[in-house]
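Notes for the one structure printed next.
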Amino acid sequence: MSYNTILLDKHDNVAVITLNRPEALNALNAELLGEVVSALKEMEADSEIGCMIITGSDKAFAAGADIKEMAEQSMTDMMAADVFGHTQKAFMHDIKKPVIAAVNGYALGGGCELAMLCDFILAGETAKFGQPEINLGVIPGIGGSQRLTKLIGKSKAMDMMLTGRMMDANEAERAGLASRIFPTDDLVDEAIKVAGVIAGKSLPSVVMAKETVIKAVDIPTQDGVDFEKRCFYSLFSTEDQKEGMAAFVEKRQPNFKNK
Ligand code: CAA
């Protein structure tokens, strides 16, 4: 498939989706969000690929939803198109393989929300995160109020959303928004290495590990624990569980079949 607003590259078993609207600091218009979803689905269906990365440029991961595209929209227009709803549904329901956000530069508004829709965030040293929608007379619309609060807690989320201030990479890592920080120039290569490690594991256990962590965030603990137990027991029906445990006992590296 060919794309206008993103680049899609494969590095062995890792796919890299690069947001590519430099003239607008990768602002998320409907076309770009549609293409990100299409590329994720294309890579989800590609048996060679075990992990995906979404990244932007050194200056901007994405500076938010496209303000110029939204400025004159009515409430009815926004609700009818529901671009942000469709994007979230695709991430939550269609994509089982892990997706990593590799963030350099600005990740603001919808850009920060897109990063949080990914399974975890690797930040470059120059990353800047924020939910500045309050400065435009609106609030986050791609799940930011919910995901940011769950990731960094009520007090800091209120601070970010009500003041519209930006958080640098160190603060984001301390707050639990980003999992690790890398030098800006190395970020994408390091993200590919991290994704390669994940893509080398057994896919059924990767998919279930992702699902169980998502449940931990979204559902009551006891329901999540029950779900985890069912996943854990079901993995004993896979060849890879037999191989992984045999390899440990035999003191060798596992050779997983379902990668
Ligand atoms: N939408 C549309 N265009 C954008 C944009 C956005 N979110 N962010 C930047 N651009 C465009 C600018 O209009 C500019 O275009 P022109 O050259 O045609 O004027 C170009 O990108 C470069 O931007 P700047 O000249 O502003 O670059 P800068 O380095 O001076 O500032 C910035 C960088 C601080 C990120 C600034 O661009 C900015 O504040 N952007 C808007 C951030 C924002 O408010 N994001 C939230 C959007 S609303 C949202 O996301 C809703 C939601 O939750 C779904």
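Based on the convex hull around the alpha carbon atoms, the stretch 157-219 presents an average projected area of 6.0 nm². For Lys156, which lysines qualify as cross-link partners when the Cα separation must be under 17 Å and same-chain residues fewer than eight apart are set aside? List returned: Lys128.
Based on Cα contacts under 8 Å between residues 6+ apart, the stretch 185-259 shows a relative contact order of 37 percent.
Per-residue Karplus couplings for the stretch 126-136, computed as 6.51 cos²θ - 1.76 cosθ + 1.60 with θ equal to phi - 60°, are listed in order as 9, 4, 9, 10, x, 10, x, 4, 4, 6, 9 Hz, Gly and Pro entered as x. With all pairs of different C-alpha atoms in the average, the Kirkwood value for the hydrodynamic radius of the stretch 191-259 is 13.2 Å. Globularity index of the stretch 113-158 is 1.17 (Cα radius of gyration / 2.2 N^0.38 Å, N = number of residues).
Per residue of the chain, the DSSP helices (runs of n ≥ 4 H) give a summed -39500 (n - 2.57) that works out to -14000 deg cm²/dmol at 222 nm.
Using Cα-Cα distances under 8 Å and only pairs 6 or more residues apart, what relative contact order does the chain have, in percent? Mind showing how you got there, number by number?
Numbers: 452 pairs, mean separation 43.7, N = 259.
Relative contact order, the chain: 17 percent.
Once the Cα atoms are used to define both axes, helix 239-249 deviates from the longest principal axis of the chain by about 70 degrees.
Where both bridge residues fall in the chain, DSSP classifies roughly 30% of the beta bridges as antiparallel. Taking a straight Cα-Cα cut-off under 12 Å and skipping sequence neighbours fewer than 8 places away in the same chain, the aspartates and glutamates within cross-link reach of Lys201 are Asp240, Glu243. Extents of the stretch 104-259, largest first, come to 58, 40, 21 Å (Cα atoms, principal axes, whole angstrom).
Taking the charge dipole of the chain about its Cα centre, with +1 at Lys and Arg Cβ atoms and -1 at Asp and Glu Cβ atoms, the residue from Thr55, Thr184, Gly224 reaching farthest to the positive side is Gly224.
For the stretch 117-190, what is one quarter of the convex hull surface built on the Cα atoms, given in nm²? Working shown, then result.
Values: hull surface 19.5 nm².
With every direction weighted equally, the projected area is 4.9 nm².
In a reduced charge model with +1 at each Lys and Arg Cβ and -1 at each Asp and Glu Cβ, the stretch 1-121 shows a dipole moment near 200 debye about its Cα centre.
Please state, as a whole number in µm²/s, the translational diffusion coefficient that the Stokes-Einstein equation yields for the stretch 41-193 at 20 °C and 1.002 mPa s, with Rh defined as the Kirkwood radius across alpha carbon pairs. Answer from the Stokes-Einstein relation: 135 µm²/s.
Looking at the stretch 120-214, the GluC sites (Glu not before Pro) that sit in a DSSP loop and have at most 16 other Cβ atoms within 10 Å of their own Cβ are Glu125.
Using the average count of surrounding beta-carbon atoms within 10 Å as a protection proxy, the listed peptides 144-152, 6-14 rank, highest first, as 144-152, 6-14.
Note: the stretch 39-127, Cα convex hull, 100 Å³ per residue.
A short reminder: the numbers here are calculations on the coordinates, not readings from a lab. Here the structure is a predicted model, which means the values were calculated and not measured. Every residue, glycine as well, gets a Cβ built from its backbone with ideal geometry; the counts of neighbours run over all protein chains shown.
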